[in-house]
Every structure is written in structure tokens, then in C-alpha cells.
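Shown next, in C-alpha cells, is the structure this report addresses.
The values are calculated or read from the model by the stated rules, or taken from the named source; none is laboratory data. All values derive from a computational prediction rather than experimental measurement. Using ideal geometry, Cβ is built from the backbone for each residue, glycine included, and neighbour counts are taken over all protein chains shown.
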Amino acid sequence: MRSQAIQIHQHGGPEVLTLTEVDVGEPGPGQIRIRHHAIGLNFIDVYQRSGLYPQTLPVQLGMEAAGVVEAVGEGVAHLQVGDRAAYASNPPGSYCERRVMPATCVCKLPDAISFETGAAMMLKGLTAQYLLKKTLPQGGLQPGDFVLFHAAAGGVGLIASQWAKALGLQLIGTAGSAEKCALALANGVAYAINYAAEDFVARVKEITGGKGVKVVYDSVGKDTFEKSLDCLRPFGLLASFGNASGPVAPFAPGILGAKGSLYLTRATLFSHITTRESTQAMADDLFAVVASGQVQIHIGQRYVLADVQQAHRDLEARKTTGCTILTL
């Protein structure tokens, strides 16, 4: 069986993304074959393409998608042929029509959730879940607490903003334009800061009465790291979970003490979805909050699979809002 797929044979810019045909076989033990209806686009795809997260080449990119299970290998009990399914999963490979892959992180998609929504929300939604529910400051988070979330108008940000509001948190969101700030405010952000026009540290201190926030969720990286630390109250947590502006430069751990005995973690979704049980529990939480209407998944951009180079250009240029999907 043949499938169209996007591969890279060297690390580099969007131009290294190549549309090709690959052979797709039968699933082995613990695997399934899935036919995709929609594919999610994420910044981790850019990191893998560029070589920031080096891959063994050639590699087929893509970490999430939704579709229909076509075949099931030995030992897979939670999925059957014909099931609607969605996933965020290692190894990469979702940029394609069909693939054989491990079944561990593939979850049945509720009928109330479309394939496009499923493809758009799995990696970003599960990321928002582990941040807000598992990556917590000392003493946890309670209703009314202030948290700072960078890139609040992005795919993860819009989901996290709505979810934080449902949890009773006061989320302060940063974004790069007045338009993106307005979008963030419309999706649950209590306070929006245009970092292109305002000093976000000064605004955070003003909003919190000089105290700072308990936790900063930062996917931007290099450009925001030091100022993010300055937004924290003593014993606060900086949860770094991405590098959209580039990786954070080496620093002396002593600055964490000088700024108030701060905590720092570099979090990743894939530490949280190593087992079937943990993946399903997180997915169930995500499906429930989406099905309830408390969190709506905003698909801001759609590209056909063959236009993946342009999709990557737009993502890197920060021209996108909400989630981006590839269609077949």
C-alpha cells in the first residue's frame, strides 16, 4: 500500500520538506495502521526540521493527527478496525495519508469531536492539560491565583486560556499584536499584554499589586526567559516548554536564589504520555472539557499537505493564530 508523505533528508528551512510516496505495510504487535483525515502542525515540527531537536535522517515529520483505524496488530485491545481515533505521539510521522505506528498514545475520538478538531487539539490540548494540572508551583494553584502565559493567542495558549478560566485562575497572557491580544481576551485571558508595545514585567507587577505570579508558562524561550523570572513571586515556578525564539542561553543557577528561591523546570509532553493509562487519563480530561464547551478549539489556518512548506513559513513568522492543520 502506498501513501503520500512529507519527509526531510537534511535539516534546514522549510525548503527541505519534500512530498514523496512511501510504502505502508501491516501493523506488528502493539501497532495500528491509521488513515488520516487531518494532521496537526506544531512548533516541535519546526524544531525537528531545523535540527534543534536532531533526528535520524531521513525522517517523516509530524506528531499528531486524527483519522480511522484500518488495521490492528497483535496485543492492541483498546482500538478496533473502523474506530475514529486521534493522537499526539512519538515517533514522528503524521505528515502522511496513512501510517503504521505504536498504538500506546492513540485514543478513540468521541463522536462529538470532528477529525479536524481532533487533529488540531491533541498535542496542544494535552500540553495545556499537563501544564495546568501537573506542572504546578509550590502549594499548587487555587481559584483566583495569577499565572502568566506567553503566546496566549497561539494554539496551546488559546486552549490554556479557556481551561484556566474554567479552573478559576486569573491568566495574564502575552501576545505580539493588539489583534492577538484581543483574541486572547475573547478566550478567557483576564489581562492581555502586547509585548511589542509594553514592558510585560512592569505590567505583571502592576496587575498583581507588586507581588508577581506563582507560575509562568513559557514556550517562547530565549527572548522571554530572564524577564519571565522577574515576573515570579518568591518560590515561584518558571515552566519552560518551548523555544519559539530560540533556546535559552546557559545561565548561573545562582540567579534563581537571588530572585527569590525560584523553581525552574523544562517540561515536555512526552514525559507524561509514556504509558497507555496516563495518556488515556489525560485525553479523557481533554475530551471532557472540549465536549462541555468550556474549551473551544480554534483552527486559524488550513493548508493541504502539499503546501506544508508555506505552513512552516507562516508558523515561524508568527503569522498564525490558534491551531493549524494540514488536510488531505
### Task
From PHE251, PHE225, PHE241, PHE235, grab the single residue that is more than 25 Å from ASP145 (Cβ to Cβ) and either modelled with pLDDT under 95 or of a type in the set (Phe, Trp, Tyr) (or both).
PHE251
### Message
Which residue is nearest to THR320 (Cα to Cα), if the candidates are limited to region 287-300 and must be in contact (Cβ under 8 Å) with a residue 24 or more places away in the chain and part of a helix (DSSP H, G or I)?
### Response
VAL290
### Task
Identify all residues within region 96-114 that are crowded, with 22+ Cβ neighbours inside 10 Å and in contact with a His (Cβ under 9 Å, 6 or more places away or on another chain); write none if there are none.
CYS96, ARG99, ALA103, VAL106, CYS107
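Listed here are the residues, each with its yes/no results for (1) over 21 Å from CYS105 (Cβ atoms); (2) of a type in the set (S, T, N, Q); (3) buried (at least 21 other Cβ atoms within 10 Å of the Cβ).
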residue: ALA283; (1), (2), (3): no, no, yes
residue: LEU286; (1), (2), (3): no, no, yes
residue: SER292; (1), (2), (3): yes, yes, no
residue: GLN296; (1), (2), (3): yes, yes, no
residue: ARG302; (1), (2), (3): yes, no, no
residue: GLN309; (1), (2), (3): yes, yes, no
residue: ARG313; (1), (2), (3): yes, no, no
residue: ALA317; (1), (2), (3): yes, no, no
residue: THR324; (1), (2), (3): no, yes, yes
#### Entry: Residues located in region 206-222, provided they are buried (at least 16 other Cβ atoms within 10 Å of the Cβ) and closer than 30 Å to ALA317 by Cβ
ILE207, VAL213, VAL215, VAL216, TYR217, ASP218, SER219, VAL220, GLY221
### Task
Look at ALA151 and say whether it is in a loop (DSSP other than H, G, I, E, B), closer than 19 Å to GLY300 by Cα and not hydroxyl-bearing (Ser, Thr, Tyr).
yes
#### Entry: Among residues of region 34-69, those that are touching a Pro at 6+ places or on another chain (Cβ under 8 Å) and either surrounded by fewer than 21 Cβ atoms within 10 Å (Cβ to Cβ) or outside the structural domain of TYR95 (by TED's automatic domain parsing) (or both), counted
5
### Summary
Of (1) crowded, with 22+ Cβ neighbours inside 10 Å; (2) modelled with pLDDT of 95 or more; (3) over 18 Å from ASP230 (Cβ atoms), GLY154 satisfies every one except (2)
#### Entry: Complete set of residues in region 311-328 that are assigned to a strand (DSSP E or B) and at pLDDT 90 or above
CYS323, THR324, ILE325, LEU326, THR327
### Task
Scan region 258-286 and report the pairs whose first residue is over 21 Å from VAL215 (Cα atoms) and modelled with pLDDT of 95 or more and whose second residue is assigned to a helix (DSSP H, G or I) and small (Gly, Ala, Ser), with Cβ atoms within less than 6 Å and a gap of 6+ or a chain change.
LEU286/GLY125
